[in-house]
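Derivation of every value follows stated rules applied to the coordinates shown; laboratory data play no part. What you see is a predicted model; the values in this text were computed from it and never measured.
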Amino acid sequence: MARLEERVGALEKGVAELRGRVEELSRRIDDLASSLNRRIDDLRNDVSHWLGELSKRMDGLEGRIGRLEERIDRYFRWTISLLIIVLTSILATLIPLMLKILGVI
């Protein structure tokens with residue numbers, strides 16, 4: 001009977017130790033979960049901040065691209081106008097020469 005009581009006492013002591021370990025593990029898990037949640041919140045905030053910055057930069061880039069398109073359009077029109085002027089002056093020079101060669105004038 002004494003041995004049985006010793007075994008029961010040892011089992012109760014073992015169960016108490018296991019409960020202590022389970023409680024410690026539970027606290028550790030809770031700490032890890034809260035740490036993980038903090039890190040996830042920090043990451044979420046960082047990503048939100050980065051997306052805001054990216055949006056600002058994209059808006060600025062769209063504006064710069066719009067101004068570049070306008071400048072390219074102006075340069076294109078200027079180049080075409082210059083080509084028309086050059087061709088007109090070449091023709092204005094060649095027509096009298098051709099007429100002189102043909103003997104019209």
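Points worth noting:
- Calculated [θ] (222 nm, deg cm²/dmol) that DSSP helices of n ≥ 4 give over the chain, each run adding -39,500 (n - 2.57): -37000 deg cm²/dmol
- Equivalent-ellipsoid semi-axes of the stretch 1-57, from the Cα gyration tensor, Å, largest first: 54, 5, 4
- Scattering curve values for the chain, log₁₀ I(q)/I(0), Debye with Cα scatterers, q = 0.17, 0.19 Å⁻¹: -0.97, -1.02
- Most fluctuating residue given options LEU32, LEU51, LEU11, as computed from a GNM of the chain linking Cα atoms under 10 Å: LEU11
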